[in-house]
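These notes concern the structure reproduced below.
The values are calculated or read from the model by the stated rules, or taken from the named source; none is laboratory data. Since we're looking at a predicted model, the values are computed, not measured. FYI the Cβ positions are ideal-geometry reconstructions off the backbone, even for glycines, and counts take in every protein chain you see.
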């Protein structure tokens, strides 16, 4: 597309130069760096890079944008079955989505809470949802191939499984990229228990309601605490790697318990938001629960 646009620009220049007799003043050539398309790496990225490096950067950023779109579909902001925004008004619910998309090929998350954890502890785990999105979009037969392609674009080198690479991206980098994309005015809010990342969950601000925090606590945080405690109890040995894993799980549980104190207090406040106040004001209402922006 970039080369086609460059050719069109140069053809237009030739026409104008000839029409106005400017052959001695101007040349029709247009540098690739001046073709203002976001899919043009020569324009999009600064610096002295070769073509291979530019194409690799473009591929990585395109995959990240695709993942962001997938997250939007998970929350109902977008739909595979309808162009443009779907749920984009304060307090929108699944019923509002179904009014616009009566028979969706990919159903948005029911409760507007999508956990991002180190393992698949819940049915609506973000990796499980992402895999389902890929199946619906490209077909189940190509799922493994697409996971490999995405993982490689995100920097996977084959040492970890493709799913592990993508999970690491969601855990460590997705929100940073989201903040950058939305200039620190995020529409998906990351609720996180702290440095240990024991608990993380995304919430779409347009679908947030005053019951969301209570639901997050009872259906996710306390459930996860119980699952991790059970996992720790199943480790019988107290030596070597088993002891290390027990200690690691113990720290995660401590982090969850500390986070629960804050979450319970906030949940009991039944916090309302008003999108007219702006993202920064609304986000501040959840200080201590959400990732800093």
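Here is a list: 157, 146, 112. Which entry is closer than 20 Å to residue 80 by Cα and not in a helix (DSSP H, G or I)? First the steps, then the outcome.
Working: 157 fails: closer than 20 Å to residue 80 by Cα; 146 fails: not in a helix (DSSP H, G or I).
The unique qualifying residue is 112.
Assess whether residue 47 counts as being in a loop (DSSP other than H, G, I, E, B), more than 30 Å from residue 163 (Cβ to Cβ) and at pLDDT 80 or above.
Details: in a loop (DSSP other than H, G, I, E, B): yes; more than 30 Å from residue 163 (Cβ to Cβ): yes; at pLDDT 80 or above: no.
For residue 47, the condition - in a loop (DSSP other than H, G, I, E, B), more than 30 Å from residue 163 (Cβ to Cβ) and at pLDDT 80 or above - is not met.
Being surrounded by fewer than 17 Cβ atoms within 10 Å (Cβ to Cβ) and assigned to a helix (DSSP H, G or I) is the requirement here; does residue 168 meet it?
Values: surrounded by fewer than 17 Cβ atoms within 10 Å (Cβ to Cβ): no; assigned to a helix (DSSP H, G or I): yes.
For residue 168, the condition - surrounded by fewer than 17 Cβ atoms within 10 Å (Cβ to Cβ) and assigned to a helix (DSSP H, G or I) - is not met.
Residue 248 passes all but one of (1) within 22 Å of residue 121 (Cα to Cα); (2) exposed (fewer than 10 other Cβ atoms within 10 Å of the Cβ); which number fails?
It is condition (2) that residue 248 fails.
Could you please tell me which pairs satisfy a Cβ distance under 6 Å, a separation of 6+ or placement on different chains, a first residue in the stretch 227-250 that is touching a residue at least 40 places away in the same chain (Cβ under 8 Å), and a second residue that is surrounded by 13 or more Cβ atoms within 10 Å (Cβ to Cβ)?
That search, which allows pairs on different chains as well, returns 227/121.
Could you please find all residues in the stretch 218-233 being surrounded by fewer than 18 Cβ atoms within 10 Å (Cβ to Cβ) and within 29 Å of residue 202 (Cβ to Cβ)? Step through it out loud before you land on a result.
We begin by selecting, within the stretch 218-233, every residue surrounded by fewer than 18 Cβ atoms within 10 Å (Cβ to Cβ); these are 218-219, 222-223, 226-227, 229-233.
Passing the criteria: 218, 219, 222, 223, 226, 227, 229, 230, 231, 232.
Criterion first (surrounded by 16 or more Cβ atoms within 10 Å (Cβ to Cβ) and at pLDDT below 80) does residue 86 satisfy it? Give the derivation first.
On the way: surrounded by 16 or more Cβ atoms within 10 Å (Cβ to Cβ): yes; at pLDDT below 80: no.
No: the conditions fail for residue 86.
Tally up the residues in the stretch 136-165 that are in contact with a helix residue (DSSP H, G or I) (Cβ under 6 Å, 6 or more places away or on another chain) and closer than 26 Å to residue 292 by Cα, please.
Qualifying residue count for the region: 2.
Only one of these conditions is not met by residue 114: (1) touching a strand residue (DSSP E or B) at 6+ places or on another chain (Cβ under 8 Å); (2) within 28 Å of residue 273 (Cα to Cα); (3) free of Cβ contacts under 8 Å to residues at least 60 places away in the same chain. Which number is it?
Failed condition: (3).
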